[in-house]
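A.B. asks: Quick one: this structure, given as structure tokens, is what I'll be asking you about.
The values are calculated or read from the model by the stated rules, or taken from the named source; none is laboratory data. Small disclaimer: the values here were computed from a predicted structure and weren't measured. So basically every Cβ, Gly included, is an ideal-geometry build from the backbone, and we count neighbours across all protein chains shown. Only protein heavy atoms, including side chains, enter the accessible area calculation; ligands, DNA and RNA are left aside. Shrake-Rupley method; radii C 1.70, N 1.55, O 1.52, S 1.80 Å.
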Amino acid sequence: MRVELFPPDSDTEPRHWVRHDQAFAMMLQPGSIEWGAKRSTLEKFDYAAGELALCHRHEGEWVGLMNVPHLQLGISDAALMASSDGAYGEVELRPSRKFADSRLGALVAAARAEMVAGFPSGRLFLDSVEQAMAVALVNGHAVRHRPVQIYRGGLGSARLRRIKELVHAKMEDDLSLDEMAQSVGLSTAHFARMFRKSTGETPHQFVLLQRVERAKSMLRDPNARMLDVAVACGFKTQQHFAQVFRDVCKVSPTEYRQNFATSEAIWVPETHSEETLRL
């Protein structure tokens, strides 16, 4: 998924944008943009913060007056096709100059927060956000589509075991949603839905929890450095590790280690007096 921030632009000369990915934009502040399929037919649209625009895929867009900062996101063909179960080959979406969608808005906000933080969560997080965006776009804007199929079952025990083995073997790596799906022979969208049905968690949540469990085990060693623990558990920075650990465990890694050491010191093996042993 491509994520780009566009600041206010004082240049009023129309420009032609052609994107290979399906692109849409969310306005970050109120303002106006001129859109059009042709330079001679630009039309001005006034936006409130949070409103969206879905670009024309094949013709590109002529863009003129642009005095509103916005975030533009590119969704890959693979994500769109996976979300429609590959039923129609390339997925065609209806362009829309201005619309509102609370679900898409929340997903864009998550992508923006990740970008501002320097993308600490890795590929799997953005893959999951992109897949959720693709599902929303296909359901709401596809020219030809069938509703995304709802699967009643979940992943079998063999597939779940394979996923867990993959996560543990590659915990230090930047796992992708596609890599996890391929390991069990499923499309990314199908895999994500089946996985959540089976575990009650998204693949990204599952991987984070596995990383935290490994971290808890390593933190019980008083000589393990925090940075070494963070890297071994697949976190890009010590700060991101500390934030995720606190979110999951409600204490910082340092506090967890101190609490563990205290509980170990308090526990004393039961001893028996000579009198007791005679009985």
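A.B. asks: Just grab the label-to-label distance for S40 and V251, each label 7 Å out from Cα along the Cβ direction, in nm (one decimal).
C.D. replies: For the pair S40/V251, the computed spacing is 7.3 nm.
A.B. asks: In whole percent, and with a 1.4 Å probe on the protein chains, what portion of the accessible area of region 145-264 is carbon and sulfur? Please list the in-between numbers first.
C.D. replies: Working: 3210 of 6610 Å².
Carbon with sulfur: 49 percent of the solvent-accessible area.
A.B. asks: Among 218-228, 132-142, 154-164, 117-127, what's the highest-first ranking by average C-beta atoms within 10 angstrom per residue?
C.D. replies: Packing order, densest peptide first, comes out as 132-142, 117-127, 154-164, 218-228.
A.B. asks: What nm distance separates the two modelled labels at T262 and E4, each placed 7 Å from Cα along Cα→Cβ?
C.D. replies: The two pseudo-label positions are separated by 5.2 nm.
A.B. asks: To make sure I understand the rule: partners must be lysines, Cα under 21 Å from the Cα of K38, and not fewer than 8 residues away in the same chain. Which ones qualify?
C.D. replies: Cross-link targets: K98.
A.B. asks: Please compute the net charge surrounding L175, taking Lys and Arg as +1 and Asp and Glu as -1 over other residues with Cβ under 11 Å from its Cβ.
C.D. replies: After counting each charged neighbour, the total is -3.
A.B. asks: Against the globular-protein guess of 2.2 N^0.38 Å, express the Cα radius of gyration of region 106-220 as a ratio, rounded to two decimals. Each step should come with its number before you reach the end.
C.D. replies: Working: Rg = 15.2 Å, N = 115, 2.2 N^0.38 = 13.4 Å.
Expressed relative to 2.2 N^0.38 Å, the Cα Rg reads 1.14.
A.B. asks: Can you bin region 165-206 into rounded, prolate or oblate? Criterion: square roots of the alpha carbon gyration tensor eigenvalues sorted a ≥ b ≥ c, rounded for a/c under 1.5, prolate for a/b above b/c, oblate for the rest.
C.D. replies: Because a/c hits 1.5 or more and a/b fails to exceed b/c, region 165-206 counts as oblate.
A.B. asks: Counting Lys and Arg as +1 and Asp and Glu as -1, what is the net charge of the other residues whose Cβ lies under 11 Å from the Cβ of V248?
C.D. replies: Combined, the nearby Lys, Arg, Asp and Glu give +2.
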